[in-house]
1. Does region 411-424 hold any residues that are part of a loop (DSSP other than H, G, I, E, B) and crowded, with 17+ Cβ neighbours inside 10 Å, and which are they?
2. Go through 87, 40 for me and flag whichever is part of a strand (DSSP E or B) and closer than 25 Å to residue 244 by Cβ.
3. Only one of these is in the same structural domain as residue 70 (by TED's automatic domain parsing) and without any contact (Cβ under 8 Å) to a residue 40 or more places away in the chain: 115, 101, 137. Name it.
4. Using the structure shown, decide if residue 368 is over 20 Å from the mean Cα position of the chain (by Cα) and in a helix (DSSP H, G or I).
5. Which of the residues that make up region 161-213 are surrounded by fewer than 16 Cβ atoms within 10 Å (Cβ to Cβ) and at positive phi?
6. Only one residue in 156, 129 is free of Cβ contacts under 8 Å to residues at least 12 places away in the same chain, closer than 21 Å to residue 103 by Cα and assigned by TED's automatic domain parsing to the domain that holds residue 241, so which one is that?
7. Kindly provide the set of residues from region 322-337 that are under 19 Å from residue 303 (Cβ atoms) and in contact with a strand residue (DSSP E or B) (Cβ under 6 Å, 6 or more places away or on another chain), ordered by number.
């Protein structure tokens, strides 16, 4: 049988008319031969949260929720240089008084990054919520009392109605201890008011540690602003000792945030991901520097020398903050694969990279391929609250483990809540 061919004139006409003869390939893959240009885009899609941690505390004695004179309660939390602890608890024998530090809270580190420990009782103050007339403090004080419309103000010995009070530090003792490896503080709150003329129980309380972004607190006035009206949530605590509304409000604003480092994009052939191998130790060619500090240079240079790596690109030049995105153009051939790697900025040595193969020539949202990994070269601390983390100017505490997926020790956001990666 003779083979049948399109006449040359008809073939040329079809080409001139723009009728393609390669429509058999899918929308996602271009099977035409030759080198092709594509664009890698990465976006930090995190929602900013004001607080990295929050919680409640209460007495542990026979009265349960109430911290009676002579009783103590403790708070455990993580924090790094530049972060503060804020808490509030009701002065029980009052109409609407509460104990809290001044804004933004209790400083936890000295300027040189060393933790503050020991007695920090001087940091607590007594405040008038401004929503009730202050009757004489004591067990016969009637709640809730007469309403008024005033502002939050600090009490320095005497309130607006002429009632007198000792300094807050004479009624409440605060002692801080510190675990360097975990970057974890313990605050012990002791009711010492039985040594004063104003003996009082304390209500359950609410505490927060504020998040930091670009060296600034995301909340430097967590609960109240002196000279302004109190919130409904703090009023509930100050008048009734009920923590539920205030805790619900701050808990909704609590979560881990992070920046992303510049992203390496690697085009390679074969079946071996050149960036990392799961359950094996860091290869010592620069991934450690990227995972601990976000510096991509050493790894970029090392990967470019590998025989099965076609090229290495860098998306971005600085940290990628929530709400920002960056991209880089790259070239690849059919059959090439793509690997990427970026630091989870608020960590000791974590990075995102693809956990499965990615075709370099494709048009897709490939976010689902991303996996958060632990490089195994530095002890992990609470993300965004570890004083050994590079983002806080810290020095990593070394360890020598294999690369693994980050587990559930910390409440890490889902990958899709942190980043979005597309190829086109």
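The values are calculated or read from the model by the stated rules, or taken from the named source; none is laboratory data. Since the structure is predicted, the reported quantities are computational estimates derived from the model, not experimental observations. Counting neighbours? That spans all protein chains shown, and the Cβs are built from the backbone with ideal geometry, glycine included.
1. If the condition is that a residue be part of a loop (DSSP other than H, G, I, E, B) and crowded, with 17+ Cβ neighbours inside 10 Å, then 412, 413, 418 are the ones that fit.
2. Exactly one of 87, 40 is part of a strand (DSSP E or B) and closer than 25 Å to residue 244 by Cβ, namely 87.
3. That would be 101, the only listed residue that is in the same structural domain as residue 70 (by TED's automatic domain parsing) and without any contact (Cβ under 8 Å) to a residue 40 or more places away in the chain.
4. yes
5. 162
6. Among 156, 129, only 156 is free of Cβ contacts under 8 Å to residues at least 12 places away in the same chain, closer than 21 Å to residue 103 by Cα and assigned by TED's automatic domain parsing to the domain that holds residue 241.
7. Hits for region 322-337 are 328, 329, 330, 331, 332, 336, 337.
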